[in-house]
Every structure is written in structure tokens, then in C-alpha cells.
Amino acid sequence: MIDALSDLLSLIDVRSVRCTRFEAGGDWSFGFPAKPALKFVAVLQGACWIVLPGEAPRPLAAGDTFLLAEAPPYVLASDPERRPEDGLSAFDWEHSDVARHGEAETVLVAGAFVFEALHARLLLDSLPAFTLIPAQDPTSAVLRSLLQLLDHEIRAEQIGVAMVTERLAEILLVQVLRGYVARQDGSATGWIAAAADPRIGRALNLIHSDIAHDWRVDELARAVGMSRSAFAAAFKARAGAPPLDYLLRWRMQVAREALRKGDTVATVAEKVGYASESAFGAAFKRVHGQAPKRYWTVAAGGG
């Protein structure tokens, strides 16, 4: 069975992944601008502070990992009261993935993912701007092993390093997302929380495993051991949309990607569960505002 998170990550078009290492000692403070990306940062050794807009400074210790969704501007510092320097212009990031300021008393490793905006919203909108996975969290034991490998690759500069660091960063992202999910209580909402819920997550997995199936709400409810009304209410509360509305929108996400890659309208219609092109076209237009044959032409500025 395809699980919903893996299915979503396979559809998201990762435009770029960059991994970096930052070493600092003495007194220091560096600010980094907002970036339309999903970013993780881990403290390998030492300690520091992170300062986010409008929030109290947070201490970070060795073993802590944090995730920034739609990365807001932030400051990393030895002292949160110290005035920050520009963290981009202070180092030669264009030519190196390693930045150094004084002795390596504090060492951080980071990975930044820039996605194709068309398909990333479902993930990004379900995450808070800042998520901390502390060193004592059970997930951190796995993260530490992966981070050590990533740190080795960043510094080794061997052949194939770009591919290895990219794959390790992708695995780290999934592990951080798992850590985030594990720390949520039963009241958490959003797509990630829905995917992690034992029963709603199973329903999502069923949908993603066969999006062409003519799913009914009562069928999904029976499959996860709930009454129809209880399931419908729980699904909407967790996922933010009724089950069949979610199915429609996910089908149209998949359809949009398939059309972008050059599949014919007839092929895509069958792939996502429509018996006719006209029925598929009406559904596509309802979600995306344009007929499938026109969508990419207009989006590309072709008329």
C-alpha cells in the first residue's frame, strides 16, 4: 500500500537541495533572511540561540534539530542580545558549503529544500513555521546517525557528494517530519496530523493507493472501523476537507502533474478515475479554474 506521505513527497518537485555546515566560536550572531523553502538545522556540538521574529529567544543544545517551514527570517547567536551580522554576506556561500567564524566551538549542519510551488502547499501549510525536535526525543537517536553521515559528506568533497548529500537530506526530512508527528497530541490538525492518525491515516493511504477507485464515504469508514458519520467528521477535522473533496483535489493534483509531463487528457482522465474526458475536464476546471487542455498553456503565458 502506498502511504500518503510518500505519495505526496514523490509528487512534490524538489527543485534544489543544499546542505551546509556552520562552525562558530567566541562571540557571534548572524541573521538569515526569509526563504521560500523547507529547512532543517541540527546542532552537532556546542550550544547557541535561535531568535525568530516576534518570539522570545530559544536555547539550542547539541542534538537539537529544528525545522523551518516557509523559512522565516531568523538569527543564530552565541548571545541573543548581540546585534546580528548578515549571515549571507559574512561568508562565501557561493563557493563553499562550509562557513567558519573563529574556533569550532559550536557546529551546525543544515539542509534546505526548494519545492515546485504547485505541489508543496499541502505539506507546507500543515507545518508550523518552527518545529523543534529536542535531543532527548526518541527520533533524535536516528537523526544523529544520519547527521553524522551528512556532515562527513559535506566535508569530504568526494565524487558523488551532491547525490549522496541530497539523498541523506531527503531521509533526514522524513525523519524530522516523523519526529514532529510523534510530538503532536490528539488535538493536532493539518494534513501531516491527519496522515499520522491511525484511522484517518489509513483512509488516506487507501485513497492514495488507488485514486481511480470510486471511493464512497461509507466504504472508507468501514475499512477503518468507524461509523460513517464519525469518520466523516473526524476526517474533515483532521484533514481540513471532507473525504470526497480531498479525493477530488488529490486527483486533480496528480492530473496536473501528469499533464505537465505531457500525458494526454484521455490518459490522465483514466488514470485518476474518470470514464470520460468531459467528466474529467469538468472536475479539473472546478478545481483549477480552467479546462485541462488550456491549463498549462495559460499558466506558461502562452495565451
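Would you kindly identify the helices (runs of 4 or more DSSP H) lying entirely within the range 188-303 that contain at least 2 residues that are open to solvent by less than 40 Å² (accessible area, probe 1.4 Å) and modelled with pLDDT of 85 or more?
Result: 198-209, 217-223, 228-239, 243-260, 265-271, 277-288.
Determine the pairs where a residue that is under 25 Å from PRO36 (Cβ atoms), located within the range 46-73, has a partner that is in a strand (DSSP E or B) and basic (Lys, Arg) with Cβ atoms under 7 Å apart, the partner being 6 or more residues away or on another chain.
TRP49/ARG58; ILE50/ARG58; LEU68/LYS39; ALA71/LYS39
For every residue, the table says whether it meets (1) open to solvent by 30 Å² or more (accessible area, probe 1.4 Å); (2) outside any strand (DSSP E or B); (3) at pLDDT below 90.
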{"position": "GLU103", "(1), (2), (3)": "yes, yes, no"}
{"position": "ARG121", "(1), (2), (3)": "yes, yes, yes"}
{"position": "LEU127", "(1), (2), (3)": "no, yes, yes"}
{"position": "LEU132", "(1), (2), (3)": "yes, no, no"}
{"position": "LEU147", "(1), (2), (3)": "no, yes, yes"}
{"position": "ARG155", "(1), (2), (3)": "yes, yes, yes"}
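Please specify each residue of the range 63-87 satisfying the condition of being at pLDDT below 95, open to solvent by 40 Å² or more (accessible area, probe 1.4 Å) and on the phi < 0 side of the Ramachandran plot.
PRO73
Of all residues in the range 38-54, which are under 24 Å from ARG121 (Cβ atoms) and either modelled with pLDDT of 95 or more or hydroxyl-bearing (Ser, Thr, Tyr) (or both)?
LEU52
Could you check the range 105-119 and list, in sequence order, the residues that are small (Gly, Ala, Ser) and open to solvent by 50 Å² or more (accessible area, probe 1.4 Å)?
Of everything in the range 105-119, just one residue is small (Gly, Ala, Ser) and open to solvent by 50 Å² or more (accessible area, probe 1.4 Å), namely ALA117.
Give just the number: which of (1) under 30 Å from ILE211 (Cα atoms); (2) touching a helix residue (DSSP H, G or I) at 6+ places or on another chain (Cβ under 8 Å); (3) surrounded by 19 or more Cβ atoms within 10 Å (Cβ to Cβ) does ALA37 not satisfy?
(2)
Can you pull out the residues in the range 157-174 that are open to solvent by 30 Å² or more (accessible area, probe 1.4 Å) and in contact with a helix residue (DSSP H, G or I) (Cβ under 7 Å, 6 or more places away or on another chain)?
Across the range 157-174, the qualifying residues are VAL161, VAL164, ILE171.
The values are calculated or read from the model by the stated rules, or taken from the named source; none is laboratory data. Since the model is a prediction, treat every value here as computed from it, not as a measurement. Because the Cβ atoms are built from the backbone with ideal geometry, glycine has one as well, and the counts that use them run over all protein chains shown. Areas reflect the complete protein model, heavy atoms only, side chains present, ligands, DNA and RNA absent. Shrake-Rupley method; radii C 1.70, N 1.55, O 1.52, S 1.80 Å.
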